[in-house]
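The values are calculated or read from the model by the stated rules, or taken from the named source; none is laboratory data. Quick caveat: nothing in here was measured; it's all calculated off a predicted structure. Backbone-built Cβ (ideal geometry, glycine too); neighbour counts: all protein chains shown.
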Amino acid sequence: MNDNVISLTDLIESRLKKQREIEYYQETLVQLQKKIAELDKEVGITTIIIDMIETERVLTLDEKQGKMLLLDSKRKEE
């Protein structure tokens, strides 16, 4: 009979340990899911920026000078 009591105690302790372990992993999972969501947003933003840069047309030197002259003339008018 004494062996049954020890066995039952061991089982209860084992169950408690496993329950605590489950709680720990659930908390860790929630933290990891938040981190994944944050990183996913950052990747999305970075992808948008890369797409914007890739689709942006590169101005020639003459076009840049023309825009600079236009800005200078607008500033002088103000």
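Would you please name the residue that is modelled with the lowest pLDDT, looking only at residues in the range 1-19 that are polar (S, T, N, Q) and loosely packed, with under 10 Cβ neighbours inside 10 Å?
Going through the range 1-19, the residues polar (S, T, N, Q) turn out to be 2, 4, 7, 9, 14, 19.
From what's left, loosely packed, with under 10 Cβ neighbours inside 10 Å: 2, 4.
On the way: 2: 57, 4: 61.
Of everything passing the filter in the range 1-19, 2 is modelled with the lowest pLDDT.
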Item to complete: Considering (1) in a helix (DSSP H, G or I); (2) at pLDDT below 70, say which one residue 58 fails and leave the rest.
Response: (1)
